[in-house]
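Asker: Pasting a structure below so you can have a look.
The values are calculated or read from the model by the stated rules, or taken from the named source; none is laboratory data. Bear in mind the structure is a predicted one, so any value in this text is a computation, not a measurement. Reconstructed Cβ throughout: ideal geometry from the backbone, glycine too, with neighbour counts over all protein chains shown.
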């Protein structure tokens with residue numbers, strides 16, 4: 001499961017001039033969604049299902065108590081990556097850095113997406129129209145997630161069963177399961 005936490009209520013820049021009470025009310029509403037997401041991840045974890053969370057690095061969302069049970073799960077890591085590595089560009093054609101937090105229990109997926117910027121290129125500022133544009137995943141980022149999942153899947157199959165024991169599920173078995 002992949003979740004993109006809504007960054008609006010947690011963004012430090014978007015709410016610089018907001019009334020503190022209104023901001024807290026907005027965040028309180030979004031905390032319910034964080035709790036529901038966390039509960040779902042915890043239930044899926046019991047079934048050996050995995051997850052990937054994404055939200056801008058440095059936003060207050062990563063600090064919320066509602067997420068703490070996720071961070072306590074076995075193998076969960078929070079890492080920082082930069083979207084410029086995946087070809088994210090601004091309105092003027094330059095790369096957008098957009099530092100991003102990635103949280104998962106799949107280390108190979110994190111290896112694929114949590115790549116910090118090497119600083120070898122210019123960036124546009126990730127503000128205004130560029131910030132809105134930065135909410136879209138590039139094809140290169142989507143490919144990185146898929147490649148990480150493939151690497152994770154290959155590793156898990158190799159660790160859990162030998163090649164002689166493994167047989168793909170037939171469509172008949174799939175219907176029986178469903």
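Asker: Could you tell me which numbered condition residue 82 fails, if it satisfies all but one of (1) surrounded by 19 or more Cβ atoms within 10 Å (Cβ to Cβ); (2) modelled with pLDDT under 95?
Answerer: (2)
Asker: Here is a list: 102, 57, 62. Which entry is in contact with a strand residue (DSSP E or B) (Cβ under 9 Å, 6 or more places away or on another chain) and under 15 Å from residue 1 (Cα atoms)? Lay out the reasoning, then the answer.
Answerer: Working: 57 fails: under 15 Å from residue 1 (Cα atoms); 62 fails: under 15 Å from residue 1 (Cα atoms).
Only one candidate qualifies: 102.
Asker: In addition: With respect to residue 149, is the statement that it is exposed (fewer than 14 other Cβ atoms within 10 Å of the Cβ) and at pLDDT below 95 true?
Answerer: Working: exposed (fewer than 14 other Cβ atoms within 10 Å of the Cβ): no; at pLDDT below 95: yes.
Considered against the rule, which asks whether it is exposed (fewer than 14 other Cβ atoms within 10 Å of the Cβ) and at pLDDT below 95, residue 149 comes out as no.
Asker: Sort out which residues of segment 137-146 are under 13 Å from the mean Cα position of the chain (by Cα) and either surrounded by 16 or more Cβ atoms within 10 Å (Cβ to Cβ) or assigned to a loop (DSSP other than H, G, I, E, B) (or both), and write them in order of number.
Answerer: Hits for segment 137-146 are 137, 141, 144, 145.
Asker: Counting only residues that are surrounded by fewer than 19 Cβ atoms within 10 Å (Cβ to Cβ) and more than 30 Å from residue 121 (Cβ to Cβ), how many does segment 51-75 have?
Answerer: Final tally of qualifying residues: 11.
Asker: So in segment 114-127, with the set limited to residues that are farther than 15 Å from residue 93 by Cα and over 22 Å from the mean Cα position of the chain (by Cα), which one is surrounded by the most Cβ atoms within 10 Å (Cβ to Cβ)?
Answerer: Applying the first criterion (farther than 15 Å from residue 93 by Cα) to segment 114-127 yields 114-120.
Among the residues that remain, those that are also over 22 Å from the mean Cα position of the chain (by Cα) are: 119-120.
Working: 119: 10, 120: 6.
Within segment 114-127, the match that is surrounded by the most Cβ atoms within 10 Å (Cβ to Cβ) is 119.
Asker: Only one of 88, 26, 34, 42 is in contact with a helix residue (DSSP H, G or I) (Cβ under 7 Å, 6 or more places away or on another chain) and modelled with pLDDT of 95 or more. Can you tell me which? Please lay out each step first, then the result.
Answerer: Values: 88 fails: in contact with a helix residue (DSSP H, G or I) (Cβ under 7 Å, 6 or more places away or on another chain); 26 fails: modelled with pLDDT of 95 or more; 34 fails: modelled with pLDDT of 95 or more.
Of 88, 26, 34, 42, the one residue that is in contact with a helix residue (DSSP H, G or I) (Cβ under 7 Å, 6 or more places away or on another chain) and modelled with pLDDT of 95 or more is 42.
Asker: In this structure, is residue 103 more than 25 Å from residue 33 (Cβ to Cβ), at pLDDT 95 or above and surrounded by 12 or more Cβ atoms within 10 Å (Cβ to Cβ)?
Answerer: Working: more than 25 Å from residue 33 (Cβ to Cβ): no; at pLDDT 95 or above: yes; surrounded by 12 or more Cβ atoms within 10 Å (Cβ to Cβ): yes.
No; evaluated as a whole, the condition is false for this residue.
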